[in-house]
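The values are calculated or read from the model by the stated rules, or taken from the named source; none is laboratory data. On a predicted model such as this, the values are computed, not experimentally measured, just so you know. These area figures cover heavy atoms from the full protein model, side chains too; ligands, DNA and RNA do not enter into them. Shrake-Rupley method; radii C 1.70, N 1.55, O 1.52, S 1.80 Å.
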Amino acid sequence: MPSAARETRPASRQAAFEITTRYCSKEMEAYGQCVASNPSTWQMDCHQLKTRVAQCTSSHPVIQKIRAECAEPFLAFEQCLKQNQSSVVNCTDHVNEFLACAEKVKMPALGEAVQQGM
């Protein structure tokens, strides 16, 4: 990813985005193309694709663990998004609380899993 894209997105959001694209790249690509193709009606036209991204991320074990351990800040963030669909910037504090919680969730690193298997 170009460094300019990384610089415009805070590190915690970049990490969440990278996890989603790593495990749900097909869904993210389809959703992104839909949004780009429908700039004025994407919220309605791309709803089914957005749901597919959500289903993919919620079924992944890392995301399941984050949701279990960070349910309260996630629900607060989700509620804020519903109440502020036209101005999601109002949910910055909510997303930061959720992402801070998600960053604390511990999963074995790939290197650790490989070493344990040896």
Item to complete: Report residue 25's accessible area, 1.4 Å probe, all protein chains in place, as a number in Å² to the nearest 10.
Response: 60
Worksheet item: Using the C-alpha atoms of the range 16-62, what convex hull volume per residue, in cubic angstrom, is computed?
Response: 63
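If you roll a 1.4 Å probe over the range 25-83 with all protein chains in place, what percent of the accessible area is carbon or sulfur? Kindly include the intermediate steps, with their values, before the conclusion.
Working: 2210 of 4070 Å².
So the carbon and sulfur contribution to the accessible surface is 54 percent.
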